[in-house]
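Derivation of every value follows stated rules applied to the coordinates shown; laboratory data play no part. Because the structure is predicted, anything quoted here is derived from the model rather than measured. Cβ sites come from the backbone with ideal geometry, for glycine too, and all protein chains shown count toward neighbours.
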Amino acid sequence: MNAHEPPATGWDFGSPEGWPADDLVGAGADLEPGTLLAAYRQGLFPMPFGLRRRTLLGWWSPDPRGVIPLDGLRVSRSLRASTRRFEIRVDTAFAEVMARCGDPSRPHGWINPEMAAAYQQLHRMGWAHSVEAWTPDGRLAGGLYGLGMGGFFAGESMWHENASYGRDASKVALVALVRLLSAAGDVDVRLLDVQWRTPHLASLGAVEMPRTLYLWRLEAALRLDPPRWAADAAAPSM
């Protein structure tokens, strides 16, 4: 379906030239759909912070930024084999994937109920998507979710079951996401944002990009047509 454009936000995030060098650009505003879309289009994403229950809403633009080049995903032999163990589905269990990603027992959890409600609203409007890995007997083993606009996808979080049937499930979902984005063409222009280049994401091919270059790449990616959000477009072909 076509994504529905919400009313414009009344918040002003300022010009990137005036942003601080720190990853945290500002705090406040709200999680209305128009605010979220405006922020992502400017290279920002929300993440609560604070010493107690992460109660402050922060807007972040890491410098450098973590991205995964669509032609740079590292697929090991074992991961390649794992892609054959799962069925890929798209947007069939968004709320469940987000709930699993936001499990408060997970270390460094930041997905509070307000964040979950905001992204579920974006999902209903056609902006937020989930890519899911299911076992042959119908168990959701892992997945990821994020926000897509044009040729840009902001990966927010990924998760897999801590059981034998969940091994590599979130990585398989990532392989499927890259496949889906690549199927739309213009792989050198489309942008897969992963926020920060963690050691785990680096092992999968994530690289770092200066903020100025990221914002230039983002502007170009947003001008592209979106991919087709369907399981047959995402199914890994190995």
Obtain the nm distance between the two label points defined at His200 and Asn2 by a simple spin-label model: each point lies 7 Å from its Cα along the Cα-to-C-beta direction.
3.8 nm
The chain - charge dipole about Cα centre, Lys and Arg +1 at Cβ, Asp and Glu -1, debye rounded to 20
800 debye
Which of His4, His123, His129 has the fewest other C-beta atoms within 10 Å, and how do the rest follow up to the most?
His4, His123, His129
Counting only DSSP beta bridges with both residues in the chain, what percent are antiparallel, rounded to the nearest 5?
90 percent
Relative contact order of the chain, please, whole-number percent, based on alpha carbon pairs below 8 angstrom and at least 6 residues apart.
25 percent
Between Asp232 and Glu208, what length in nm is gained on full extension when 0.36 nm per residue of separation is reduced by their alpha carbon distance?
5.6 nm
Restricting to Cα atoms and excluding each atom paired with itself, what does the Kirkwood estimate give for the chain in Å?
18.0 Å
For the stretch 22-149, what class follows from the C-alpha gyration tensor (a ≥ b ≥ c being the square roots of its eigenvalues): rounded when a/c is under 1.5, otherwise prolate if a/b is larger than b/c, else oblate?
prolate
Quick one: Cα centre-to-centre distance for the stretch 84-98 and the stretch 144-221, in angstrom?
16 Å
Provide Glu32, Glu208 in ascending order of the number of other Cβ atoms located within 10 Å of each residue's Cβ, fewest first.
Glu208, Glu32
Which whole DSSP H helices in the chain pass both tests: a Cα extent of 20 Å or more along the axis and a mean Kyte-Doolittle value no lower than 1.0?
169-183
Sorted by Cβ density within 10 Å, fewest first, the residues Asp232, Asp168, Asp91
Asp232, Asp91, Asp168
Theoretical ellipticity at 222 nm over the chain - DSSP helices of four or more residues, -39500 (n - 2.57) apiece, nearest 500:
-8500 deg cm²/dmol
Starting from the Cα gyration tensor of the stretch 83-154, take the square roots of the eigenvalues, sort them a ≥ b ≥ c, and report rounded, prolate or oblate (rounded when a/c is under 1.5, otherwise prolate if a/b is larger than b/c, else oblate).
oblate
Looks like the stretch 185-238, by Cα gyration tensor root eigenvalues a ≥ b ≥ c and the a/c under 1.5 rounded cutoff (else prolate when a/b is bigger than b/c, oblate otherwise), is oblate
How high is the relative contact order of the stretch 57-194, given as a whole-number percent (alpha carbon pairs under 8 Å, six or more residues apart)?
30 percent
Max mean-square fluctuation residue, GNM over the chain, Cα-Cα springs under 10 Å, options Ala220, Ala169, Ala141:
Ala220
